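The values are calculated or read from the model by the stated rules, or taken from the named source; none is laboratory data. Worth saying up front: this structure is predicted, and the values here are computed from it rather than measured. Don't worry about glycine lacking a Cβ; one is built from the backbone with ideal geometry, like all the others, and counts go over all protein chains shown. Heads up: the accessible areas ignore ligands, DNA and RNA and are worked out on the full protein's heavy atoms, side chains in. Shrake-Rupley method; radii C 1.70, N 1.55, O 1.52, S 1.80 Å.
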Amino acid sequence: MKLWRVNLPLLRIVWVCNLFVAFMIVDQLKAQSNLSNKQLNSITKNYAQSNSDSLSLKQRLSHISSFLEVAAISQNDSLIYKGLMQKTWLLGKSQQFDSAIFYTHLLNDLAYKNKDTIHIQKALTKLGIYYKKNNQLIEAFRQYNEKFKICRVLGDSLNAGKSLLQMANIQTSLGDYSGSKTTAVDGVVYLENTNNLRNLAGLYHIISVANRVQKNYNDAIKYNEKAIGLGVDSASIRIIGTKNILIFKNTKALILANQEKYKQAIIMLKELASNSLVKQTKKEYARVISNLGYIKWLENKENEDSERLLLDAWQMQEEIQDVESLIMSNIYLTKFYLNSGNETKALFHAQAAYRNANEMRSLAMLLESLGLLFELKANTNEEAKIYDQVNKELQTINQSNREIYAVTKYENDKLTTENLVLKAETAKKERQRVIYLFGTIILVLSGGLVFYLLRQRHKREIIRDVYNAEARISKKLHDELANDVYNVMIQIQNDQSNQDILDKLEDIYNSTRDISRENSSFNEGRDFAQELNHMLSGYSGDYTKIIIKDIEEINWQSVTPEKKIIVHRVLQELMINMKKHSHASLVAVTFKKSPKQIKIAYADNGVGVDKEGIMYSNGLRNAENRIKTIGGSFIFESETEKGFKASLRFPN
């Protein structure tokens with residue numbers, strides 16, 4: 001005989017909690033009622049006694065009834081809520097379900113009167129529980145459905161999903177697997193984005209079981225693994241419940257057996273049978289070894305372990321009076337003995353399954369057990385009548401439940417449709433706003449682009465105008481001034497007294513020809529590389545060597561004429577600077593192209609110039625200004641007696 005030790009600290013905690021609740025009640029009554037001190041003491045004591053585990057349920061019910069009488073006199077709704085919640089719970093605990101339902105309806109009526117959605121939901125949940133335990137499954141389904149509708153309106157996804165889970169459970173118990181799957185799938189929609197793993201796993205399990213019965217084994221495995229997969233760590237397993245995870249694995253073994261993957265199913269069930277938690281719970285252990293024995297028999301009808309495992313499970317369930325599990329164990333044993341030819345034992349277990357199903361009022365199991373009795377009994381007129389009656393009752397209930405939820409589902413779909421229409425209209429307005437915004441952005445960008453293009457065009461026109469002006473000046477210098485100077489030189493050439501004047505005129509003539517050549521026009525087309533090469537090479541002489549590298553590597557046809565003009569003029573400016581000031585013996589000009597720009601490097605070994613000389617060089621300043629007009633850069637460096645280097649870069 002097992003002796004239980006009294007846990008004094010725990011009793012003290014319970015006593016303190018009850019005392020705290022009692023003081024709260026007193027405070028409420030003092031503030032909201034005109035009860036006498038005697039009534040105050042009475043109501044406080046009665047509520048505390050109704051919570052006392054040391055009293056019988058009958059005594060506790062008597063105390064809470066007294067509490068409710070005084071609460072009704074005080075007309076304090078919060079106290080009436082408290083009393084009704086406590087009384088319905090005690091009635092349910094004592095299995096007085098009719099009375100529990102009656103008082104829960106009183107709770108529900110009061111909550112509706114006060115438009116108190118919290119207590120309405122609590123009342124509907126209680127009604128669902130008590131109607132289900134009282135085998136009034138249509139009413140149980142209806143109460144959960146009412147709760148679902150309220151939660152949907154309130155936007156309470158969590159409790160909406162929980163309600164659908166309870167509704168799907170009822171449909172599963174009635175064998176309405178198609179209906180349960182539909183309801184559970186709807187429940188997943190409400191819970192899949194929440195952290196309520198326990199109820200979400202329950203919905204996945206219902207969908208898995210429904211698919212298994214409907215022989216959709218791939219979907220059954222898929223949702224079963226979803227349920228198991230939620231328990232990814234110890235924290236989530238605690239939320240879902242280790243027991244539930246084990247049930248899911250048990251179901252997976254049955255699905256594997258349905259797929260005739262018997263070895264995999266047996267391995268899984270053996271692992272479950274050796275699990276310490278399963279072993280500690282006779283109900284779960286018996287269920288596992290019952291399934292193990294049955295699947296071993298399915299794999300091999302001559303298996304010697306099957307009968308022992310099935311009988312061990314059956315005996316354990318008989319000992320603990322697990323009527324629900326006994327139904328399936330008796331059905332397994334009926335099939336086992338029917339196959340082995342022992343019709344006496346088969347009939348015994350078939351009748352036991354029928355009794356268990358009838359006791360549980362499990363209509364779906366009643367039909368299955370009656371089906372087995374038809375195979376075993378010669379005269380089944382009575383069973384046939386019962387079968388027909390149960391079948392009709394089951395169809396009526398399932399049809400009623402489907403109609404209840406069909407209306408709610410239609411309302412839900414309609415509400416969803418209205419929400420979608422509203423969202424579509426909102427989205428349309430949002431799209432229009434975005435279109436207007438993008439239109440404005442495109443307009444601004446287009447304006448900016450046009451302004452940029454016009455500005456670039458203006459720059460190109462300036463470059464072209466300068467080039468044309470230089471060409472005109474060059475032509476005028478060549479055709480008029482140089483020729484006039486030359487004619488004067490011819491006229492005074494024979495007069496030796498004017499030799500100094502002649503020499504000065506010759507210098508002027510040469511300068512004029514140089515200026516004309518520097519500003520003359522050149523070919524900007526296909527032969528630009530040759531033209532540029534010719535210009536650069538033209539500055540070589542006996543003393544100066546010009547090296548030109550990779551000029552042909554540049555795709556000059558892709559370079560705009562304006563850029564070619566600038567490049568030509570800038571390089572020409574560098575060569576003139578070299579000729580006049582550098583006295584270099586070696587000049588190198590290197591061309592290099594990258595995806596985004598063209599780089600030209602110039603270097604000579606001339607005398608160079610100091611920084612101040614560079615700063616005041618008109619030619620170099622002109623070169624820098626020219627290259628900037630095409631978005632390029634001109635960088636140079638030089639020191640006295642160390643030559644001169646320059647780097648030109650401009651966009652390709």
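A compact table of results
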read-out: In region 352-386, the residues that are of a type in the set (S, T, Y) and under 19 Å from M328 (Cβ atoms); value: Y354, S362, S369
read-out: Counted residues, region 633-652 - those being modelled with pLDDT under 85, of a type outside the set (K, R), farther than 20 Å from K593 by Cα and assigned to a loop (DSSP other than H, G, I, E, B); value: 3
read-out: One residue from R142, R152 being over 30 Å from V390 (Cβ atoms) and either open to solvent by less than 10 Å² (accessible area, probe 1.4 Å) or in contact with a helix residue (DSSP H, G or I) (Cβ under 6 Å, 6 or more places away or on another chain) (or both); value: R152
read-out: Condition met for G83 (of a type outside the set (S, T, Y), open to solvent by less than 30 Å² (accessible area, probe 1.4 Å) and more than 21 Å from K162 (Cα to Cα)); value: yes
read-out: Answer residue from region 98-140, given it is assigned to a helix (DSSP H, G or I) and free of Cβ contacts under 8 Å to residues at least 12 places away in the same chain and is nearest to the chain's Cα centre (by Cα) among those; value: I118
read-out: Region 537-583 - residue that is among the polar types (S, T, N, Q) and open to solvent by 20 Å² or more (accessible area, probe 1.4 Å) and, of those, farthest from the chain's Cα centre (by Cα); value: S540
read-out: Residue list for region 610-632, filter: at pLDDT below 75 and either open to solvent by 40 Å² or more (accessible area, probe 1.4 Å) or assigned to a strand (DSSP E or B) (or both); value: D610, K611, E612, M615, Y616, N618
read-out: Selection from region 162-213 of residues that are within 28 Å of the chain's Cα centre (by Cα) and among the charged types (D, E, K, R); value: K162, K181, D186, E192, R198
read-out: Residue within region 578-593 that is within 20 Å of F634 (Cβ to Cβ), among the polar types (S, T, N, Q), without any contact (Cβ under 8 Å) to a residue 60 or more places away in the chain and not in a helix (DSSP H, G or I) present; value: yes
read-out: Boolean, N145 is polar (S, T, N, Q), at positive phi and at pLDDT below 95; value: no
read-out: Conditions (1) open to solvent by 20 Å² or more (accessible area, probe 1.4 Å); (2) touching a Gly at 6+ places or on another chain (Cβ under 8 Å); (3) modelled with pLDDT under 90: number failed by A71; value: (1)
read-out: Condition met for K126 (crowded, with 21+ Cβ neighbours inside 10 Å and within 24 Å of Q399 (Cα to Cα)); value: yes
read-out: Test: residue in region 296-309 that is at pLDDT 90 or above, surrounded by 21 or more Cβ atoms within 10 Å (Cβ to Cβ) and either aromatic (F, W, Y) or on the phi > 0 side of the Ramachandran plot (or both); value: yes
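So that you can scan it fast, the table gives a plain yes or no per residue for (1) touching a strand residue (DSSP E or B) at 6+ places or on another chain (Cβ under 9 Å); (2) over 20 Å from F336 (Cβ atoms); (3) among the hydroxyl-bearing types (S, T, Y):
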{"site": "F248", "(1), (2), (3)": "no, yes, no"}
{"site": "N258", "(1), (2), (3)": "no, no, no"}
{"site": "A273", "(1), (2), (3)": "no, no, no"}
{"site": "T281", "(1), (2), (3)": "no, yes, yes"}
{"site": "I289", "(1), (2), (3)": "no, no, no"}
{"site": "N300", "(1), (2), (3)": "no, no, no"}
{"site": "E304", "(1), (2), (3)": "no, no, no"}
{"site": "L311", "(1), (2), (3)": "no, no, no"}
